[in-house]
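**Student:** This structure is in structure tokens; I'll ask about it shortly.
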Amino acid sequence: MNSSRVIFIDYLKVIGLLCIILAHISTDTGILQIRNFDVPLMVMISGFLAVDSFKRNLKQNKSFLRYFWKRISRLLFPTWIFLIVFFSIMVLFPINGTYPYDSTFIINSFLLLDGLPYVWIIRIFLICTFVTPVIYYFDKIENDYIQFLILLLIYILYEIAVFLKINELNIIFEFILAYIIPYGIIYLLGMISKKTSPKTDRIISMICLIAFIVSAYIIYLNTGMFQPTQIMKYPPTVYYISYALFVSFLLLSIFKKCNLKPNRFIEFCSKSSLWIYLWHILFITIIPMIFGELNWVLNYIIVVICSIGITYIQNKILDLFHADIKILRQ
């Protein structure tokens, strides 16, 4: 195993991945609410890991464009390959004798827009890639509190824009700014969290908890009942974000202090998280077509096992392929 890996990040990454898959399968409203921190957690982890990779890029005197290309290709090309496989396999599962997807749906899926709903998260990570150079400027601000205040000011302006429903009037705001601002801030918080102590993480977590409770109470007064944070996820606003950051920073504060041991299975799932995520889309789509509606717990277990299993087989095949190429080159 790679000793240079941040062990607790691998564990958090697997937790986030499993929670996202759970969100697409579970029918239990309580569980769906509890796990509704998963996407922001994964964005924070991405920001946490981006710090070192971006700094290595600067030290090696590589251009921003080269960094962007490397990052984008790692996200976009596997997604496109998977979508080709997915839409090809779905030929075997017609609905009433008809192929289930039209050309507009397929094109939008490749564009990560309104097609296959599960690939929108790839758009989020691609957007965050372009936020990464901000590290260079943030590192020049030595005071962590000033960094947090800058992010808070930007976020307040964003909330005002959403309150004024600018996102409903402007398509650029709706599909780009309404995601790049909140998730970009979460991404930058992940970068900052690389140098924060567990105590600071707990303080941030408690501040977010207070914001969540206040938001929940205001919404309760307006609706007469507790509402899941999911209702304010598209676009993400304070009710959704405060809960997600509360849990994410709490987990960070706990896992930073834990003396976790390297684990081959956890490391494999962490390193292969993109492909495990992509393959789960196929299985949650075809399993109901093959077996009918299963108990969601059983369905979840099957989907997770199948997604990890096919990713493992895929990696082994690629390893053999690379080994054959090395032999041919000798």
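**Student:** Which Cα, out of F64, A161, V14, lies furthest along the positive dipole direction of the chain (beta carbon charges, K/R +1, D/E -1)?
**Tutor:** So the residue furthest toward the plus end is F64.
**Student:** Could you please report the charge total around F110, scoring K, R as +1 and D, E as -1 over all other residues with beta-carbon less than 15 angstrom from its beta-carbon?
**Tutor:** Result for the neighbourhood of F110: -1.
**Student:** Mean Kyte-Doolittle of at least -0.5 plus a Cα span of 27 Å or more along the axis: flag which DSSP H helices in the chain meet both, please.
**Tutor:** 38-59, 64-89, 144-163, 198-223, 238-257, 296-329
**Student:** How many lysine pairs are close in segment 49-181, with Cα atoms under 18 Å apart and the two 8 or more places apart or on different chains?
**Tutor:** Lysine pairs meeting both conditions in segment 49-181 amount to 5.
**Student:** Among P40, P228, P182, whose mean-square fluctuation peaks in a Gaussian network model of the chain (Cα, cutoff 10 Å)?
**Tutor:** Among P40, P228, P182, the largest GNM mean-square fluctuation belongs to P228.
**Student:** Arrange the residues K256, K194, K233, K316 by how much accessible surface each exposes, largest first, with a 1.4 angstrom probe.
**Tutor:** K316, K194, K256, K233
**Student:** Sticking with this structure for a sec: Cα gyration tensor of segment 236-330, axes a ≥ b ≥ c as square roots of the eigenvalues: rounded (a/c below 1.5), prolate (a/b > b/c) or oblate?
**Tutor:** In terms of gyration-tensor shape, oblate.
**Student:** Restricting everything to alpha-carbon atoms, can you work out Rg to Rh for segment 1-137 with a Kirkwood hydrodynamic radius? Please report the intermediate quantities before stating the final value.
**Tutor:** Values: Rg = 18.0 Å, Rh = 17.4 Å.
Rounded to two decimals, Rg over Rh is 1.03.
**Student:** Placing +1 on the Cβ of each Lys and Arg and -1 on the Cβ of each Asp and Glu in the chain, which of V297, F226, L274 has its Cα farthest towards the positive end of the resulting dipole?
**Tutor:** Comparing the listed Cα positions along the dipole, L274 ranks first.
**Student:** Next up: To the nearest 20 Debye, how big is the dipole of segment 1-142 about its Cα centre, given +1 on the beta carbon of each Lys and Arg and -1 on that of each Asp and Glu?
**Tutor:** Approximately 760 debye in magnitude.
**Student:** Less than 18 Å apart at the alpha-carbon level, and either on another chain or at least 8 residues along: which lysines does that give for K316?
**Tutor:** K271, K326
**Student:** OK, next. Compute the Cα gyration tensor for segment 89-236, then decide on rounded, prolate or oblate, letting a ≥ b ≥ c be the square roots of its eigenvalues: rounded whenever a/c is under 1.5, prolate when a/b is larger than b/c in the other cases, and oblate in all that remain.
**Tutor:** prolate
**Student:** Turning to a different aspect of this structure: Per residue, what volume in Å³ does the Cα convex hull of segment 104-167 take up?
**Tutor:** 108
**Student:** Give, rounded to the nearest 20 debye, the magnitude of the charge dipole that segment 233-330 has about its Cα centre when Lys and Arg contribute +1 at Cβ and Asp and Glu contribute -1 at Cβ. Could the numbers behind the result be given before it?
**Tutor:** Numbers: 9 positive and 4 negative charges, 94 e Å.
So the dipole magnitude of segment 233-330 works out to roughly 440 debye.
**Student:** Around P198, under 10 Å between beta carbons, what's the net of Lys plus Arg minus Asp minus Glu among the other residues?
**Tutor:** Net local charge, P198 excluded: +3.
**Student:** Can you give me the C-alpha center-to-center distance between segment 88-156 and segment 172-232, rounded to a whole angstrom?
**Tutor:** Cα centroid of segment 88-156 versus Cα centroid of segment 172-232: 18 Å apart.
**Student:** Another question, if that's okay. Please check the chain for the longest run free of GluC sites (Glu not before Pro) that are loop-located per DSSP (anything but H, G, I, E, B) and have at most 16 other Cβ atoms within 10 Å. Mind showing how you got there, number by number?
**Tutor:** Details: sites that count: E142, E293.
Counting at most 16 other Cβ atoms within 10 Å as exposed, the longest clean stretch of the chain is 143-292.
The values are calculated or read from the model by the stated rules, or taken from the named source; none is laboratory data. Here the structure is a predicted model, which means the values were calculated and not measured. Please note: Cβ atoms are built from the backbone with ideal geometry, for glycine as well, and neighbour counts cover all protein chains shown. Remember, those area values only see protein heavy atoms, side chains included, never the ligands or the DNA or RNA. Shrake-Rupley method; radii C 1.70, N 1.55, O 1.52, S 1.80 Å.
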